[in-house]
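*Asks:* This is the structure I want to talk about, given as structure tokens.
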Amino acid sequence: MKDLVEHVSVDLDHEGGEGWMFVHPDASADEIRDALALVDEAGFEELDPDETGDEFGEDEQGRYMVPLARKGGW
């Protein structure tokens, strides 16, 4: 896992084309935007729960878990 900013981290599986972004409740909008920009640069995108039918949850540290996938790959 690579920490991108203080309150947001991203774990990408380039081989499998999937990943997660973990957002701490104290994360600022700027931190989230910066992390999403790096996710985009890596060729991944945030999955839309309305399209996937999945509900996003929280991990054991209380961070919001956002599923990611390679663009055009899910």
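*Asks:* Mind listing which GluC sites (Glu not before Pro) in segment 15-74 are in a DSSP loop and have 13 or fewer other Cβ atoms within 10 Å?
*Replies:* Here the sparse-neighbourhood loop sites are Glu15, Glu55, Glu60.
*Asks:* Under the definition of Cα pairs under 8 Å and six or more residues apart, what whole-number percent is the relative contact order of the chain?
*Replies:* 33
*Asks:* Then there's this: Of the listed values (1) 30, 25, 19; (2) 39, 31, 26; (3) 42, 34, 23, grab the one calculated as Cα extents along the principal axes in Å from the structure here.
*Replies:* The calculated read-out lines up with (1).
*Asks:* Further question on the same structure: Rounding to the nearest 20 debye, state how big the charge dipole of the chain is about its Cα centre with +1 on each Lys and Arg Cβ and -1 on each Asp and Glu Cβ.
*Replies:* Rounded to the nearest 20 debye, it is 200 debye.
*Asks:* Please sort by residue number the trypsin sites (Lys or Arg not before Pro) in the chain whose DSSP state is loop and whose Cβ has at most 15 other Cβ atoms within 10 Å. Could you put the intermediate results ahead of the total?
*Replies:* Details: sites: Lys2, Arg33, Arg63, Arg70, Lys71; in loops: Arg63, Lys71.
Those satisfying the criteria are Lys71.
*Asks:* What residue among Gly57, Gly72, Gly19 has its Cα farthest toward the positive end of the dipole of the chain, where the charges are +1 on Lys, Arg and -1 on Asp, Glu, each on the Cβ?
*Replies:* It is Gly72.
*Asks:* Gaussian network model of the chain, Cα springs within a sub-10 Å range: biggest mean-square fluctuation belongs to which of Asp13, Asp50, Asp34?
*Replies:* Greatest mean-square fluctuation among the candidates belongs to Asp50.
A short reminder: the numbers here are calculations on the coordinates, not readings from a lab. In this text the structure is predicted, and so the values were computed from the model without any measurement. Positions of Cβ are generated from backbone atoms using ideal geometry, with glycine treated the same way; all protein chains shown enter the neighbour counts.
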